[in-house]
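A.B. asks: The structure that follows is given in the form of structure tokens.
The values are calculated or read from the model by the stated rules, or taken from the named source; none is laboratory data. Keep in mind the model is a prediction, meaning the values are calculated, not measured. Cβ atoms come from the backbone with ideal geometry, glycine included; neighbour counts cover every protein chain shown.
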Amino acid sequence: MIRVETSLGNFTVEFFEKEAPLSVANFLKYVDDGFFDASIFHRIIPGFVIQGGGFLEDMTQKKPRASIKNEADNGLKNTRGSLSMARTNDINSATSQFFVNLKDNNALDNQRGNFGYAVFAKVTDGMDVIDKIAAVKTGNRRGFDDVPLDPVIMRSVRRITP
């Protein structure tokens, strides 16, 4: 498990290590390296997702490690409170960025004609904080849409004992 301390409150995450071993190992390596500290939630779309793990407050992109294999075919669904690996149109392009689903997003699941986005964890405590993050005002910053006008900062992301 991890605790994510943000500028708007804290939330706790539990991992699906059996179903998404590559995604979990990848994410925890970033946690252990302190990679997420001082990064922001840079994409917030109410009723859809909050996304973070790749940018600093000034919208400078952090340098991630190599991409990993997409595990979206692991049987897990993009339901409210689940965390998934963000990626580009390249199915196997996930690195450090992740998103939290704000609702059941069936269109993001692995299905015929759409490989989907790999669910690897879920929020176990602090969905009220996730909803608070989802409610911030957003706009365009440095060529990016849906960016919080007042940055939502991940101050600390650390492993915790359940």
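A.B. asks: Could you tell me which of the residues Ala25, Ala38, Ala20 is at positive phi and not β-branched (Val, Ile, Thr)?
C.D. replies: Sole residue among the options that is at positive phi and not β-branched (Val, Ile, Thr): Ala38.
A.B. asks: I would also like to ask the following. What's the total number of residues in segment 103-145 that are under 18 Å from Ala72 (Cα atoms) and not β-branched (Val, Ile, Thr)?
C.D. replies: Here the count works out to 19.
A.B. asks: If I ask for residues that are assigned to a loop (DSSP other than H, G, I, E, B) and surrounded by 19 or more Cβ atoms within 10 Å (Cβ to Cβ), which ones from segment 82-103 would you list?
C.D. replies: Within segment 82-103, Ala86, Arg87, Thr95, Ser96, Gln97, Leu102 meet the criteria.
A.B. asks: Tell me yes or no: at least one residue of segment 111-121 is assigned to a helix (DSSP H, G or I) and at pLDDT 95 or above.
C.D. replies: There is no residue in segment 111-121 that is assigned to a helix (DSSP H, G or I) and at pLDDT 95 or above.
A.B. asks: Another question, if that's okay. Any idea which residue in segment 104-127 is nearest to Phe15 (Cα to Cα), counting only those that are within 16 Å of the chain's Cα centre (by Cα) and exposed (fewer than 14 other Cβ atoms within 10 Å of the Cβ)?
C.D. replies: Applying the filter and picking the extreme gives Thr124.
A.B. asks: Hey, another quick one. Restricting attention to segment 51-66, which residues are within 15 Å of the chain's Cα centre (by Cα) and part of a loop (DSSP other than H, G, I, E, B)?
C.D. replies: Lys62, Pro64
A.B. asks: Is it the case that segment 30-40 has a residue that's over 19 Å from Asp109 (Cα atoms) and part of a strand (DSSP E or B)?
C.D. replies: yes
A.B. asks: Please verify whether segment 69-80 includes one or more residues that are touching a residue at least 60 places away in the same chain (Cβ under 8 Å), assigned to a loop (DSSP other than H, G, I, E, B), under 17 Å from Arg158 (Cβ atoms) and not charged (D, E, K, R).
C.D. replies: No, segment 69-80 has no match at all.
A.B. asks: Determine which single condition Val157 fails, assuming it passes every other condition in (1) in contact with a helix residue (DSSP H, G or I) (Cβ under 9 Å, 6 or more places away or on another chain); (2) assigned to a strand (DSSP E or B); (3) closer than 20 Å to Lys77 by Cα.
C.D. replies: (3)
A.B. asks: Would it be correct to say that Glu57 is in contact (Cβ under 8 Å) with a residue 40 or more places away in the chain, acidic (Asp, Glu) and in contact with an Asp or Glu (Cβ under 9 Å, 6 or more places away or on another chain)?
C.D. replies: When the stated conditions are applied, Glu57 does not pass them.
A.B. asks: For the condition more than 30 Å from Arg112 (Cβ to Cβ) and crowded, with 20+ Cβ neighbours inside 10 Å, what is the one hit in Thr60, Thr6?
C.D. replies: From the options Thr60, Thr6, the qualifying one is Thr6.
A.B. asks: For segment 106-133, what are the residues that are under 17 Å from Ile2 (Cβ atoms) and not hydrophobic (A, V, I, L, M, F, W, C)?
C.D. replies: Lys122, Thr124, Asp125, Gly126
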